[in-house]
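The values are calculated or read from the model by the stated rules, or taken from the named source; none is laboratory data. A quick note: this is a predicted structure, and the numbers were derived from the prediction, not measured. Cβ sites come from the backbone with ideal geometry, for glycine too, and all protein chains shown count toward neighbours. Surface accessibility is based on the protein's heavy atoms, side chains included, excluding ligands, DNA and RNA. Shrake-Rupley method; radii C 1.70, N 1.55, O 1.52, S 1.80 Å.
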Amino acid sequence: MTTEPLALPTSPDAWPAWIRDRAASELALATGLVEGLRTDPPADPVAVLRQWDRAGGHLGNVAAVGSLFGNVHPSEEVRELADNAEQEASRVGTRWSLDRELYDVFAAIEDSAVADDPLAARLLAKVRADFRRSGVDKDEATRDRISAIRERITELDQEFSRVIRDDVRTIQVAPDQLDGMPADWLEAHPADEEGLVTVTTDYPDSVPVRMFAHDQDVRRDITIAFQERGWPTTEALLDELFSLRHELATTVGYADWPSYDADVKMIRTGPAIPEFIDKIAAAAEEPMQRDLGQLLERYRRDFPDATVVPGYDYNYYAELVRAEKYDVDSQRVRTYFDFGKVRQGLLDVTGRLFGLRYEQVDVPVWHEEVTAYDVSTSTAGEPIGRIYLDLHPRDGKYKHAAQFTLVDGVEGEQAPEGVLVCNFARGLMEHDHVVTLFHEFGHLLHHVLAGHGDWFRFAGVATEWDFVEAPSQMLEEWAWHADVLQTFATSADGEPIPADLVTAMRDADDYGKGIFARTQMFYAAMSYWFHADRARAEVPDLTARMVELQEKYAALPYLPGTHMFASFGHLGGYSSGYYTYMWSLVIAKDMFSAFDETDVFATGAATRYRDRILVPGGTGDAADLVADFLGRPFSFDTYAAWLAR
């Protein structure tokens, strides 16, 4: 790799100018290349495609900087500048997609002219499909309306994310109401001058409280506060967003937004989404009933007349079931997962597995808690990219866990750089959060390893959207094996986590997977039907529709008066496609069947997986990549067997 990593500002005051300059210079490069295509395109068809691809790469640099720093930078001014840059990138991309002169350049290319270059042919087919889906063939007035819709969709998506990000709610409780909480958590939450402890809806606060606090009122109050984030502000934003997506989809010839969105995914058609949701729901019915039976049996020891377990009590009583039935005490488990050891352990494990080295580098970052690493191959030692880990909560920061692109990689042009954005505790971690860290790092590996081809379009996590979660879900498996965990999960005295405890943790984790699957299908149904309903003559109220879908699919009852959809951030980026998490999990379980569970550090399968699934990026259809790795098409059977056991 000959390219240097992106140089970030060296002082806080330099950030606004850097954002402006980065956006302006990359936009200038992008627009210059596209203008050249419109006025004087190269004679060689592959050169035409390469020029278009490079323009898209520069525009992607603007969008990436905008999306990342709009979500993580501590300065509100910088976040606003970044949001503006992302909006401008979206506007420019929309303008290109509706430019008939540009479309004519690609329409004029004969298929035979690129037949000898499979990736160029693949790119040409995708570019033509992009233009078709954009509405380039419509009249000028319709194209103007499409442009306005897309610009407004970007604004609404950003505003939805901003409201959720900034709406941190709190409850105040007396210290004695926090009986059951871990000692390190209590130490980090002293009482104020009035003798009260403030609990926020940020994950490091709200998750442990719902799991461990003995006081039911506290569990209920923090659950309500968590589910009410964004309400009522985001309802109007979502109503407009869903309506505009529907208008866009129907304008360019699709029945509804899910049909438009699914057309470029593995699932292919909109109606296949509810069919898949119902298939998973049916497979999960018996495991869910088994889980609920155990849960209710334990709950009735405290509430003899109960017929259901309310959602605000689920995490607490699920922990009791795991502790009593499987002898797993989550507070004991936490003592083995010190954040610093987990972070280093993750790097050691993935480095060993995939033949990588991570060298921490002292470079400018946007916050003092962010760490940066150069990634290289352990064989040749060649640098292949840079990663940043931004793993703790703070004001104004993205509230969930995700991998963000800083730079997409193309060999000889720019090295891939990615950022992991999470919200973990600074001390001891719940094991679920360790699993989340492995999951998100799977995306980061995909981004870096797939950033060394010839085309920006196929760089990084560029597969169909309903496959992108599969590699990260599969990496979660390494967070469940004693041989892996014992390399970094140690007590304060340095003792590795006992293998029998890890076995019990896995057995305990199997409890609740039926409930989890049905909960996921409830979320997927919301994601789908909130959009598909726009085709109805009378569109249902979002809260009423949510309650209806929760009653049909979810394992746990609706909490009256709450509006969890108002902070369901996946309605933004994933739109109607939340089903993709479960679709990907089906594939992930099947891919993991190729590994030897008794020796998960064996590099044979890992190397083949790295080279056939991660490194190719978007150069092949996901189904073909998986078939190449497994030696057969992927199957639902592995997932179904896992769910049933």
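Site pair ARG301 and ASP139 shows an inter-label distance of 7.2 nm when each label is modelled 7 Å from Cα along Cα→Cβ.
The distance separating the Cα centre of the stretch 403-447 from that of the stretch 368-397 comes to 8 Å. In whole angstrom, the chain maps to an equivalent ellipsoid with semi-axes of 40, 29, 26, each derived as √(5λ) from the alpha carbon gyration tensor and ordered largest first. Counting heavy atoms of the protein chains alone, GLU86 has an accessible area of about 50 Å² for a 1.4 Å probe. The C-alpha atoms of the chain define a longest principal axis, and helix 233-251 lies at about 40 degrees to it.
The stretch 551-618 and the stretch 286-301 have their alpha-carbon centroids 25 Å apart.
Please report the relative contact order for the chain, taking Cα pairs under 8 Å with a sequence separation of at least 6, and give it as a percent rounded to a whole number. If you can, show how the numbers build up before the last one.
Values: 1061 pairs, mean separation 104.3, N = 645.
In percent, rounded to a whole number, it is 16.
Close amide H contacts of GLY385 (hydrogens built in the peptide plane, cut-off under 5 Å, sequence separation of 5 or more or a different chain): VAL375.
Which entries in the list LYS279/LYS589; LYS265/LYS397; LYS513/LYS552; LYS397/LYS589; LYS341/LYS397; LYS279/LYS513 go over 22 Å, if you measure between the two C-alpha atoms of each? In this structure, LYS265/LYS397; LYS397/LYS589; LYS341/LYS397 exceed 22 Å between Cα atoms. Under conditions of 25 °C and 0.890 mPa s, the stretch 329-488 yields 152 µm² s⁻¹ as its translational diffusion coefficient, taking Rh as the Kirkwood radius over Cα pairs in the Stokes-Einstein equation.
Over the stretch 497-645, Cα pairs under 8 Å with separation of 6+ residues give a relative contact order of 23 percent.
Extending 7 Å from Cα along the Cβ direction at ASP327 and again at ASP362 yields two label points whose distance is 4.9 nm.
Determine the gain in length on full extension of the stretch ARG268-SER11; use 0.36 nm per residue of separation and subtract their C-alpha separation, reporting nm with one decimal.
Working: separation 257, 0.36 × 257 = 92.52 nm, distance 4.73 nm.
Residue separation times 0.36 nm, minus the Cα-Cα distance, leaves 87.8 nm.
Working note: Debye formula, equal point scatterers on the alpha-carbon atoms of the stretch 409-508, no solvent; log10 I(q)/I(0) at q = 0.13, 0.19, 0.21 Å⁻¹ is -0.59, -0.95, -1.06.
Think of the chain as having a plus end and a minus end, set by charges on the Cβ of Lys, Arg, Asp and Glu; of VAL173, LEU49, ALA108, ALA108 sits farthest toward the positive end of this dipole.
At q = 0.12, 0.18 Å⁻¹, what is the base-10 log of I(q)/I(0) for the stretch 1-147 according to the Debye formula with one equal point scatterer per Cα and no solvent? Please give it to two decimals. For the requested q values the scattering log ratios are -0.59, -1.06. Each label was represented as a point 7 Å from its Cα along the Cα-to-Cβ direction; for ASP21 and ALA602 these points are 5.3 nm apart. The share of alpha-carbon pairs in the stretch 81-235 lying farther apart than 29 Å comes to 51%.
For the chain, which whole-number percentage of the solvent-accessible area (1.4 Å probe, protein heavy atoms only) is attributable to carbon and sulfur atoms? Kindly include the intermediate steps, with their values, before the conclusion.
Values: 12420 of 25550 Å².
Accessible surface attributable to carbon and sulfur in the chain totals 49 percent.
For the chain, what is the accessible area per residue in Å², given a 1.4 Å probe and the full set of protein chains?
Details: 25550 Å² over 645 residues.
Dividing the accessible area of the chain by its residue count gives 40 Å².
Full extension of the chain segment joining ALA148 with ASP348 gains 67.2 nm, where the gain is 0.36 nm per residue of separation less the Cα-Cα distance. Among the protein heavy atoms, those of THR10 account for about 120 Å² of accessible surface (1.4 Å probe, every chain in place). Net length available on complete extension from ALA499 to THR198 is 104.6 nm, with 0.36 nm assigned per residue and the Cα-Cα distance removed.
Where does each of PHE522, PHE303 land when they are ordered by accessible area, with a 1.4 Å probe and the largest first? Don't jump to the answer; show the numbers that get you there.
Working: PHE522 10, PHE303 70 Å².
I get PHE303, PHE522, largest accessible area first.
Net charge of the neighbourhood of TRP583, taken over other residues with C-beta under 12 Å away and scored Lys/Arg +1, Asp/Glu -1, is -1. With R₀ set to 30 Å, the beta-carbon distance separating THR377 from GLU80 gives a calculated FRET efficiency near 0.15.
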